[in-house]
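The values are calculated or read from the model by the stated rules, or taken from the named source; none is laboratory data. Everything quoted here is computed from the prediction, not taken from an experiment. Note: ideal-geometry Cβ built from the backbone for every residue, glycine included; neighbour counts use all protein chains shown. Heads up: the accessible areas ignore ligands, DNA and RNA and are worked out on the full protein's heavy atoms, side chains in. Shrake-Rupley method; radii C 1.70, N 1.55, O 1.52, S 1.80 Å.
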Amino acid sequence: MIDLEVISAEELTNLIGSIYNCALDPQRWQSTCQQIAEFSRSTAGGIFVHDLRHVQNKQPFVFGYQPEFLQMLENHYAENSMAAASIGSNNDDRRERYQLLETRFFQEVLKPYGLQDMVCFPMVQTAERMISLHASRSENEPDFQQRDLNFFKILSPHVCRALAISEMLDIRTARSEMLENTLDGLVAGVFLTARDGQVVYLNHAAECQIKMGNAIHLVNNRIVPTDLAARNALAKAMEEAARDDAVVNMGEHFVAIPAGFGGGYIATLLPIENTRRHGILASFAASVAVFMQDPVQATCIPGDAFAKLHGLTGGELRVLLALSQGLSGTEAADILGISEPTIRTHLQHMFSKTGTSKQLDLLQLLHHSTPPIRTLEPAH
């Protein structure tokens, strides 16, 4: 059993609790590192990040060091990180302590700034960076003893876990924000719902659909179509999609959501749980994804890309885009200033290039190549 002479059991428990609080609020590392320093009778310390890729030392949560000292680490000793300098001391080994005093690191970095001794414990190490916990004593304090090192050894695994949890949460938050940005770019309204039907997330298009209020509303934070038959059909579909075996037994599920004066949306339901999609959307605690698409809403046509993919000429592409707007051959000919036989000739060439045999198939191919993203509004 390790004999601790620097802290009581109750104080140790409270300190470890403070360490884990830092996982949820990294700004607490500053005060927690100061608590660690107080119990270890250190005059300075904190969390250091050694950026191995860019060869830099960063000090996000440090205290007690002179700014010039930290600047020296940043400018002159970044290529030889403190964690790799074997700066932890153990006074039971007088030869090791003597070797530390003779190092350039001690002579040029520690001693000029009144630091007599320093301990370093690497916490997290990857190919790109190393995060370490440091504590220092001034020349007016005794060197760190074995009992002090034992104290740090007890804290080290807890600091490691807290840093790992914090990093995982940061990654999840970043992924969540990236996913939100992606969903906000879709033309379709996206509603992510929990098992009980409560909406836990809706994208920009979904918010617009709710504000229009012609086909769907949010009532008690649930999707409620204005049409009674659609309301019952959507409720039944969502109940089936939220079942544990939904992914196995449920194929594509579509529900028509008519508006009161014509038009409306097609709702596509996608079960999330028990699939890899759950991992992607875990941050939203979602069970079912509901996509509301206006079937007549125009999306941005990837004309140039489609033309390059299939080797269409400029004239052929203009004919295709005109026909994609619902124009007849005669109307397209009038708008483009060409004859109907020319329209038919362009169509035959496009059939050959795209592997289609009729106009409907060609237009469907273009539609399937259209990204489901909304056109950005011009800046005002």
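A few notes on this one:
- Qualifying residue in the range 129-143 (condition: more than 20 Å from Lys58 (Cβ to Cβ), open to solvent by less than 20 Å² (accessible area, probe 1.4 Å) and at pLDDT 85 or above): yes
- The single condition among (1) crowded, with 18+ Cβ neighbours inside 10 Å; (2) at pLDDT 70 or above; (3) more than 18 Å from Arg222 (Cβ to Cβ) that Pro258 does not satisfy is (1).
- Residue within the range 298-321 that is modelled with pLDDT of 85 or more, in a loop (DSSP other than H, G, I, E, B) and open to solvent by less than 60 Å² (accessible area, probe 1.4 Å) present: yes
- Within the range 105-145, the residues that satisfy the criterion of being aromatic (Phe, Trp, Tyr) and touching a residue at least 40 places away in the same chain (Cβ under 8 Å) are Tyr113, Phe144.
- The condition (being at pLDDT 80 or above and under 30 Å from Ser40 (Cβ atoms)) is satisfied by just one residue among Arg222, Arg161: Arg161.
- Residue, surrounded by the most Cβ atoms within 10 Å (Cβ to Cβ), within the range 8-30, restricted to residues that are of a type in the set (Gly, Ala, Ser) and more than 18 Å from Val124 (Cβ to Cβ): Ser18
- Checking each residue in the range 18-43 for being small (Gly, Ala, Ser), closer than 28 Å to Gly114 by Cα and in contact with a Lys or Arg (Cβ under 8 Å, 6 or more places away or on another chain) picks out only Ser42.
- Members of the range 193-225 found to be assigned to a strand (DSSP E or B) and open to solvent by less than 60 Å² (accessible area, probe 1.4 Å), listed by number: Thr193, Val199, Tyr201, Leu202, Ile216, Ile223, Val224, Pro225
- Among the residues examined, Asn203 qualifies as in contact with an Asp or Glu (Cβ under 6 Å, 6 or more places away or on another chain) and modelled with pLDDT of 75 or more.
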